[in-house]
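Below: one structure, written as structure tokens.
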Amino acid sequence: MKIPNILTLLRIVLIPVFVLVYYLPFSWAPLASALIFGLAAVTDWFDGYLARKLDQSSPFGAFLDPVADKLMVAVALGVLVETFAEPWMTVPAIVIIGREIVISALREWMAELGKRASVAVSMIGKIKTTLQMISILVLLAVPPLSTLSWVGAGALYGAALLTLWSMFVYLRAAWPFLSEDI
């Protein structure tokens, strides 16, 4: 098995571990779950780097990598929404998760048309992902409503805005193909 695929599978295996640790009744649980999330985020970057560097790209990895990323982020946002139990936390989580569903479906549809390159990952998407990972890491590690949690929430809102912007960019690129059937 290729190293990048092993890292992607590790990220998926870390999801239930992350949830279990998050809900442990110990004071160190939030920080430990944040470290697990951080490890998953690093493997996300590292598996892509290794796939390119070692020329180990594969159809399996191309399919599973974005699935692993979206699962980890959706689960982390889910536990944060529960923890904060406030609309101001729920709104950016819904925006981020909703965009991921829309863009995943768009990429799948564009691939069927042979136009997947039209909706390839952009620099905006990479910046959005980085800000999203940092914000989730902070929000997991610090107590709700602490000063640092407000910094994390601000970063999450920044990620949500970039999420909408990148979705607009992807939809605009796909519009000529989408509008053919209107």
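Can you compute the charge dipole magnitude of segment 1-76 about its Cα centre, using +1 on each Lys and Arg Cβ and -1 on each Asp and Glu Cβ, nothing else charged? Give it in debye, rounded to the nearest 20.
The dipole magnitude comes to about 40 debye.
How high is the relative contact order of segment 51-182, in percent, counting Cα pairs under 8 Å that sit 6 or more residues apart?
Values: 87 pairs, mean separation 34.9, N = 132.
It comes to 26 percent, rounded to a whole number.
Counting only complete DSSP H runs, which helices of the chain cover 30 Å or more along their long axis at the Cα atoms and score a mean Kyte-Doolittle of -0.5 or above?
Helices meeting the span and hydropathy rule in the chain are 29-53, 59-84, 87-112, 147-178.
At 0.36 nm per residue, minus the direct Cα-Cα distance, what do Ser57 and Leu35 gain on full extension? Give it in nm, one decimal, please. Don't jump to the answer; show the numbers that get you there.
Values: separation 22, 0.36 × 22 = 7.92 nm, distance 2.72 nm.
That pair, Ser57 and Leu35, stretches by 5.2 nm at full extension.
Quickly estimate the mean residue ellipticity at 222 nm for the chain, helices only: each DSSP H run with n ≥ 4 gives -39500 (n - 2.57), and the total goes over all residues, rounded to 500. Show your work: numbers first, answer last.
Working: 6 runs with 148 residues, N = 182.
Using -39500 (n - 2.57) per qualifying helix, the result is -29000 deg cm²/dmol.
In nm, what is the difference between 0.36 nm times the number of residues separating Phe177 and Ser104 and their Cα-Cα distance?
Between Phe177 and Ser104, full extension yields 24.7 nm more.
With +1 assigned to the C-beta of every Lys and Arg and -1 to the C-beta of every Asp and Glu, and no other charges, what is the dipole magnitude of the chain about the Cα centre in debye, to the nearest 20?
In debye, rounded to 20, the chain gives about 380.
Rolling a 1.4 angstrom probe over the protein chains, ignoring ligands and nucleic acids, what is the accessible area of Met133 in square angstrom, nearest 10?
30 Å²
Using a 1.4 Å probe and ignoring any ligands, DNA or RNA, find the accessible area of Phe63 and quote it in Å² to the nearest 10.
Counting only protein heavy atoms, Phe63 exposes about 130 Å² to solvent.
Write out the trypsin sites (Lys or Arg not before Pro) in segment 52-125 meeting two conditions: DSSP loop, and at most 16 other Cβ atoms within 10 Å of their Cβ.
Passing both the DSSP loop test and the Cβ count: Lys115.
Set the Förster radius R0 to 35 Å, insert the Cβ-Cβ distance between Ala111 and Val19 as r into 1/(1 + (r/R0)^6), and round the FRET efficiency to 0.05.
0.65
Once amide H atoms are built 1.01 Å from N in the peptide plane, which residues 5 or more positions from Val142, or in another chain, come under 5 Å H to H?
none
Projected onto the charge dipole of segment 39-122 (+1 at Lys/Arg Cβ, -1 at Asp/Glu Cβ, origin at the Cα centre), which of Ala68, Ile97, Gly48 gives the Cα projection farthest towards the positive end?
The Cα lying farthest towards the positive end belongs to Gly48.
Over the alpha-carbon set of segment 24-151, work out the extent along each principal axis and list the three values in angstrom, largest first.
48, 32, 24
The values are calculated or read from the model by the stated rules, or taken from the named source; none is laboratory data. This is a predicted model, so every value here is computed, not measured. Here Cβ is always computed from backbone atoms with ideal geometry, including for glycine, and neighbour counts include all displayed protein chains. Surface areas here come from the heavy atoms of the whole protein model, side chains and all, with no ligands, DNA or RNA. Shrake-Rupley method; radii C 1.70, N 1.55, O 1.52, S 1.80 Å.
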